[in-house]
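Note sheet for the following structure.
The values are calculated or read from the model by the stated rules, or taken from the named source; none is laboratory data. Being a predicted model, the structure only gives us computed values, none of them experimental. With ideal geometry, Cβ positions are generated from the backbone for all residues, glycine too; neighbour counts draw on all protein chains shown. To get the accessible areas, we keep the full protein, side chains included, count just its heavy atoms, and leave off ligands, DNA and RNA. Shrake-Rupley method; radii C 1.70, N 1.55, O 1.52, S 1.80 Å.
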Amino acid sequence: MLQVAQSILSTFKDQRIFILNGDLGSGKTTFVKAFALALGFEEEISSPTFSIVHEYRDRAHKIFHFDLYRLKNELELYQIGFEEYLERGAYIFIEWPELAMNFLPEKFVSIHFEAENENTRKIICSIVN
């Protein structure tokens, strides 16, 4: 997964917003961990399922990792200050992004994860604009 993250980082070097689609256990959080590693983070990255967002910072980068699975409507995004996160220039990863689509800028990266078996993932990546 580290090689995939490095490839996406170099291919989409000007992009900061990544939406992550896929079933539970398809590799979304594992990808965010690998991406953070590719940026040089040493901090442990974990799923923000219960906290909705985790923030990570080092000297050169910021990462905001969202899991919107438990949110029920767009109002809850307003309440957590979602729009403000988008304006901070950080790398933003959004799992279960359906509620966030109206908040996103015109251009972002969409990554779809599909578990083919226990050890193999199919990853489809595209720029949306």
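Here are some notes:
- Euclidean distance between Cα centres, region 1-18 to region 68-129, Å: 15
- Per residue, the chain exposes 57 Å² of accessible surface when a 1.4 Å probe is rolled over the protein heavy atoms with every protein chain present.
- Shape of region 1-70, Cα gyration tensor, a/c cut at 1.5: oblate
- For LYS33, the lysines whose Cα comes closer than 25 Å to its Cα, not counting residues fewer than 8 places off in the same chain, are LYS13, LYS62, LYS107, LYS122.
- Global form of region 60-129, assessed from the alpha-carbon gyration tensor, a/c cut-off 1.5: prolate
- From helices alone, the chain scores -7000 deg cm²/dmol at 222 nm; the rule is -39500 (n - 2.57) for each run of n ≥ 4 DSSP H residues, then divide by the residue total.
- In this label model, ASN117 and MET101 are separated by 3.4 nm, measuring between points 7 Å along each Cα→Cβ vector.
- Per DSSP, loop GluC sites (Glu not before Pro) in region 34-71 with at most 15 further Cβ within 10 Å: GLU42, GLU43, GLU44
- Overall form of region 36-83: prolate. Here a/c, set by the Cα gyration tensor axes a ≥ b ≥ c, is 1.5 or more, and a/b is the larger of a/b and b/c.
- Here the chain is treated as a sphere whose radius is the Kirkwood value from Cα pairs; by Stokes-Einstein at 4 °C and 1.567 mPa s it diffuses with a coefficient of 87 µm²/s.
- For trypsin sites (Lys or Arg not before Pro), the sites in region 1-50 that DSSP calls loop and that have at most 15 other Cβ atoms within 10 Å are LYS13.
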